[in-house]
Amino acid sequence: MSKKTHITLKVNGKSEEFLAEPRELLIYTLRERLNITGPHIGCETSHCGACTVTVDGKSVKSCTMFAVQAEGAEITTIEGIGTPDSLHPLQEAFKEHHGLQCGYCTPGMITRAAKLLEENPAPSEEEIRFGMAGNICRCTGYQNIVKSIQAAAAEMNSSQSSSSEAVGHKTTEAAE
């Protein structure tokens, strides 16, 4: 039996502390220890992307990262993107544009797509396909996933420019 290590993480904005063996994978920490079941176990070899989470601002396949490697990290899973009462634009778009079928890959897809749109708010179809290449879907053929991401990007950019215009409008009024 290996010596357990004290680990502190911030997962979806909540601080978590626990003891874990050095060989414990982050996906098992999230699912079994912290009961965060959005990230799925698909391949355990970093091929499918069903376990994708964001660790300190980077997309990571949690099936190939040890929990001890995430010590002190800030982690976001699908549970940290939107809420049941207020879905993230990506979640709305995946629902509206049929970007999911069986749903198994969807948490990893949306988590990766959120990071992609953060890095590139207006990606082309080619950039979306390249950015999502590490996430596999066996059901959809990807076209509706791409459409969903494009729709979410348009919505997010529209909301952002509306906010900017509103702020600019108030600033203009205040200046007069």
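Name every residue in the stretch 1-52 that is of a type in the set (Gly, Ala, Ser) and farther than 30 Å from Cys102 by Cα, in order of residue number.
Passing the criteria: Ser2, Ser15, Ala20.
With respect to Asn144, is the statement that it is surrounded by 18 or more Cβ atoms within 10 Å (Cβ to Cβ), at pLDDT 95 or above and in a loop (DSSP other than H, G, I, E, B) true?
Taking the combined requirement at face value, the residue does not satisfy it.
List the pairs whose first member sits in the stretch 102-120 and is within 15 Å of Ile41 (Cα to Cα), whose second member is modelled with pLDDT of 95 or more and among the aromatic types (Phe, Trp, Tyr), and whose Cβ atoms are under 8 Å apart, counting only residues at least 6 apart or on separate chains?
That search, which allows pairs on different chains as well, returns Thr106/Phe94; Met109/Phe94.
Within the stretch 29-54, track down each residue that is among the hydroxyl-bearing types (Ser, Thr, Tyr) and assigned to a loop (DSSP other than H, G, I, E, B).
Result: Thr37, Thr45, Ser46.
Is it the case that some residue within the stretch 17-37 is at pLDDT 95 or above, within 20 Å of Ile136 (Cβ to Cβ) and exposed (fewer than 15 other Cβ atoms within 10 Å of the Cβ)?
yes
Taking the residues in the stretch 100-117 that are assigned to a helix (DSSP H, G or I) and in contact with a Cys (Cβ under 9 Å, 6 or more places away or on another chain) as candidates, determine which candidate is surrounded by the fewest Cβ atoms within 10 Å (Cβ to Cβ).
The selected residue is Pro107.
Each row is one residue, and each column tells you yes or no for (1) at pLDDT 95 or above; (2) assigned by TED's automatic domain parsing to the domain that holds Ile145; (3) within 23 Å of Ala153 (Cβ to Cβ).
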residue	(1), (2), (3)
His6	yes, no, no
Ser46	no, no, no
Pro89	yes, yes, yes
Ala93	yes, yes, yes
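Check the stretch 58-74 and report whether any residue there is out of contact with any strand residue (DSSP E or B) (no Cβ under 9 Å at 6 or more places or on another chain), in contact (Cβ under 8 Å) with a residue 12 or more places away in the chain, at positive phi and surrounded by fewer than 21 Cβ atoms within 10 Å (Cβ to Cβ).
No: the stretch 58-74 contains no residue that is out of contact with any strand residue (DSSP E or B) (no Cβ under 9 Å at 6 or more places or on another chain), in contact (Cβ under 8 Å) with a residue 12 or more places away in the chain, at positive phi and surrounded by fewer than 21 Cβ atoms within 10 Å (Cβ to Cβ).
Filter the stretch 118-141 for residues that are in a helix (DSSP H, G or I) and crowded, with 20+ Cβ neighbours inside 10 Å and give the result.
Ile128 - this is the single residue of the stretch 118-141 that is in a helix (DSSP H, G or I) and crowded, with 20+ Cβ neighbours inside 10 Å.
Would you mind stating whether Glu79 is assigned to a helix (DSSP H, G or I), in contact (Cβ under 8 Å) with a residue 24 or more places away in the chain and within 21 Å of Phe18 (Cβ to Cβ)?
yes
So for the stretch 19-28 (the condition being touching a residue at least 40 places away in the same chain (Cβ under 8 Å) and part of a helix (DSSP H, G or I)), does at least one residue qualify?
yes
Does the stretch 55-67 include one or more residues that are assigned to a helix (DSSP H, G or I), of a type in the set (Gly, Ala, Ser) and not assigned by TED's automatic domain parsing to the domain that holds Ser148?
Yes: one or more hits.
The values are calculated or read from the model by the stated rules, or taken from the named source; none is laboratory data. Note that the structure is a prediction, hence the values are computed from the model and not measured. Every residue, glycine as well, gets a Cβ built from its backbone with ideal geometry; the counts of neighbours run over all protein chains shown.
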